[in-house]
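Structure, as structure tokens:
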């Protein structure tokens with residue numbers, strides 16, 4: 001088993017080979033999808049083709065414990081007027097490997113980049129696929145306040161059955177909290193360190209919310225494309241452990257510097 005709370009300058013395929021079967025509690029990552037960006041001095045992710053991402057998904061399934069999840073944050077490029085659909089191919093392949101598509105969540109960008117003179121609407125979201133190895137057994141779903149907390153609904157007649165009969169309590173009192181929806185909205189200007197030279201950071205709050213939802217304190221969280229270290233930072237801040245792989249040495253240095261103060265307190 002690799003040393004925990006450490007970022008390794010490795011191709012993730014090589015890194016996976018050093019992880020025993022069913023030893024990781026959660027995977028949270030955003031792979032370099034569809035070559036939409038160039039990372040670092042050289043575009044070292046050009047080889048992230050179908051053969052590579054299939055191997056990553058296979059290895060992720062192998063190393064995850066039963067009852068654990070992999071959160072896969074992705075989007076699609078538009079080429080010759082058509083979206084590639086790579087994200088859907090990856091989701092279906094994950095299912096073929098053995099994962100459940102536990103949830104198809106949406107990361108809604110509160111302030112997307114404006115576009116002009118185009119024939120399509122401004123893209124304002126990315127997919128957050130939650131692939132589970134069986135039924136998720138870790139973490140706790142997040143809640144949010146209800147707008148009508150305490151209101152009594154006297155006209156509520158319960159749930160309808162298959163034969164159109166209503167069952168349940170005659171009166172409903174709206175609770176103070178409810179489970180959040182699977183559309184999460186974040187500002188790209190908040191929770192992103194503008195001093196870091198990385199073009200594809202995801203918001204720290206996004207990482208934290210998934211970590212709280214799908215893992216417990218003390219769990220090991222793997223990010224095979226750890227980039228600027230967001231997953232590592234939020235894992236440490238929430239009393240989790242991490243392992244990270246990053247093929248770009250520039251980003252390894254950035255991530256290590258970013259998390260140094262949090263490692264010191266562990």
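Odds and ends about this structure:
- Test result for residue 56, closer than 20 Å to residue 226 by Cα, at pLDDT 95 or above and in a strand (DSSP E or B): no
- Candidates 44, 19, filtered to the one that is surrounded by 15 or more Cβ atoms within 10 Å (Cβ to Cβ), modelled with pLDDT of 95 or more, more than 17 Å from the chain's Cα centre (by Cα) and not in a helix (DSSP H, G or I): 19
- Among residues of the range 183-224, those that are modelled with pLDDT of 95 or more, assigned to a loop (DSSP other than H, G, I, E, B) and surrounded by 23 or more Cβ atoms within 10 Å (Cβ to Cβ), counted: 2
- Residue within the range 112-126 that is surrounded by 18 or more Cβ atoms within 10 Å (Cβ to Cβ) and either in the same structural domain as residue 227 (by TED's automatic domain parsing) or at positive phi (or both) present: yes
- Against the list (1) at pLDDT 95 or above; (2) outside any strand (DSSP E or B); (3) within 22 Å of residue 48 (Cα to Cα), the condition residue 228 fails is (1).
- Index of the failed condition, residue 98 passing every other in (1) at pLDDT below 95; (2) over 17 Å from the mean Cα position of the chain (by Cα): (1)
- The range 166-182, subset under 17 Å from residue 145 (Cβ atoms) and part of a strand (DSSP E or B), residue modelled with the highest pLDDT: 179
- Which numbered condition residue 109 fails, given (1) under 23 Å from residue 181 (Cα atoms); (2) modelled with pLDDT of 95 or more: (2)
The values are calculated or read from the model by the stated rules, or taken from the named source; none is laboratory data. What you see is a predicted model; the values in this text were computed from it and never measured. Here Cβ is always computed from backbone atoms with ideal geometry, including for glycine, and neighbour counts include all displayed protein chains.
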